[in-house]
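Below you'll find the structure, written out as structure tokens, and then a few comments.
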Amino acid sequence: MKQQIKIIDYKAGNIASVRHAFRRLGLEAGLAAFPEDLEDADKLIFPGVGHARAAMNILKEKDMDQAIKAFKGPVLGICLGMQLMADSSEEGDMQGMGLFPDKIKRFSGDFKVPHMGWNSLYGLEGPLFANVPEASHVYFVHSYYMPKSSRAIALCQYGEAFTAACSKDQFFGVQFHPEKSGKPGMQILQNFIDL
Amino acid sequence: MLTKRIIPCLDIKEGRTVKGVNFGNLRDAGDPVELAARYSEEGADELTLLDITATLEKRSTFLQVVEDVAAAVSIPFTVGGGIANEHEVEKLLSKGADKVSVNTASLRDPELITRLSDAFGDQCVVVAIDARLIDGEWLVVSHAGTRITERKTIDWAKEVCDRGAGEILLTSFTADGSRNGFSLDITREVAENVPVPVIASGGAGLPAHFLDVFVEGMADAALAAGIFHYQVIGIEEIKSFLRKHKIAVR
């Protein structure tokens, strides 16, 4: 049977783009708005744009944060999705899900914020980055970031080295947008399908 | 290293791409979805789609174009044209747009910038500023360049950042369509004085113009329309020129 990938639908995600990307890979991703929608899912995509605390509050209203934490299959948090999976964020003093024991910080320094555009990845590790060459360019749009951590499976340089992707058990997070990152992005999504 | 971005812009009227000079004299420039797919293939870093009719009854045509472009490309894109409230932004984002750009409505209602940035995040809010050189001063113009405001471009650029803009799309009305190069002085003045990325627009005609706007203009990205639609220069041609001059591009 074909696997069922569902996208967490909490009105704070770039759902259309993620669905389109999976369609180009020949897979129709479903949507999950309530905890019971997760029952027949094999994998989850946890997207996110916007404000951390506002997004977290929407998730909590429907107990979706608990449902994601309890999910047994692979989960891929994208951008804000990844940040919500961390311990906490400086953005609105948000308390996260604690799936990654990291604190999300705001970029500050003598450079432009948001970090916006195509930047290169290095230190690629693990199955999510199979067949993705070192120094591949992917698309970032964010003002907050996860500092370099031991759970990083990809790093990026902007002011300092930061965590571009991380994993712990079945949970994965990417700070960039694979669904908007051309060829390397599509490879990463294919790798997630193949996990 | 963060690369400089090349952004083709598609002005869309009634479902077709059009291109004019100094915001007028429109010519048909093809199907927007085909163009978007072609630019994505050719190495565009991002796309901008502007609804230049932006009347209520034509809105659904534009929404369909947004959805079709989102399905066809795997690069980010910004949409703009006549956006005046949160509800419209929500609809555009739900069709697959990554960012929205606001222009005239933000001049009328500067609070709009803050409301959008609070609701959707600052990374999502591009403020488009059209600047025109009048008696030695760069003033903001509105309504597709037809109305001159009293605002100085640099002052307005700083203000929109304070209000929550995540990026500025700075178009030189003076240079637009000329193919004589970007307006470097105002681009640099804005880029040096705001904390967010600046996209320079208006006047691109040669690969050297892009080098100039990145080095002298200090822009983070450069946008062009006509030269791409009519295949005057290719995106890869610009990028290889930039690489030769040690500018980081994708």
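The values are calculated or read from the model by the stated rules, or taken from the named source; none is laboratory data. This one's a predicted model, so the numbers in the text were calculated from it and none came from an experiment. Positions of Cβ are backbone-derived with ideal geometry, glycine not excepted, and every protein chain shown enters the neighbour counts. Note: areas computed on protein heavy atoms with side chains; ligands, DNA, RNA excluded. Shrake-Rupley method; radii C 1.70, N 1.55, O 1.52, S 1.80 Å.
The table that follows gives values for the structure above.
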| item | result |
| --- | --- |
| Members of segment B:182-200 found to be small (Gly, Ala, Ser) and either in a helix (DSSP H, G or I) or open to solvent by less than 10 Å² (accessible area, probe 1.4 Å) (or both), listed by number | B:Ala191, B:Ala200 |
| The one condition in (1) closer than 19 Å to B:Pro76 by Cα; (2) within 14 Å of chain B (Cβ to nearest Cβ); (3) crowded, with 19+ Cβ neighbours inside 10 Å that A:Gly77 fails to fulfil | (2) |
| Helices (runs of 4 or more DSSP H) wholly inside segment A:20-126 that include at least 1 residues being modelled with pLDDT of 95 or more and more than 25 Å from B:Cys124 (Cα to Cα) | A:64-70 |
| Filtered residues of segment B:110-168 (kept if of a type in the set (Phe, Trp, Tyr), more than 14 Å from every other protein chain (Cβ to nearest Cβ) and out of contact with any Ser or Thr (no Cβ under 7 Å at 6 or more places or on another chain)) | B:Trp156 |
| Per-region count, segment B:208-229, residues at negative phi, under 18 Å from the mean Cα position of the chain (by Cα) and not in a helix (DSSP H, G or I) | 8 |
| Restricting segment A:178-195 to residues that are open to solvent by 10 Å² or more (accessible area, probe 1.4 Å) and either of a type in the set (D, E, K, R) or within 13 Å of the chain's Cα centre (by Cα) (or both), the residue that is farthest from the other protein chains (Cβ to nearest Cβ) | A:Asp194 |
| Candidate set from segment A:158-177 (those that are polar (S, T, N, Q) and open to solvent by 10 Å² or more (accessible area, probe 1.4 Å)); member that is farthest from the other protein chains (Cβ to nearest Cβ) | A:Gln170 |
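For (1) over 26 Å from B:Ala248 (Cβ atoms); (2) open to solvent by 10 Å² or more (accessible area, probe 1.4 Å); (3) among the aromatic types (Phe, Trp, Tyr), each residue gets a yes or a no:
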| position | (1), (2), (3) |
| --- | --- |
| B:Arg5 | no, no, no |
| B:Glu34 | yes, yes, no |
| B:Gln64 | yes, yes, no |
| B:Glu67 | yes, yes, no |
| B:Ala71 | yes, yes, no |
| B:Phe77 | no, no, yes |
| B:Leu92 | yes, no, no |
| B:Thr104 | yes, yes, no |
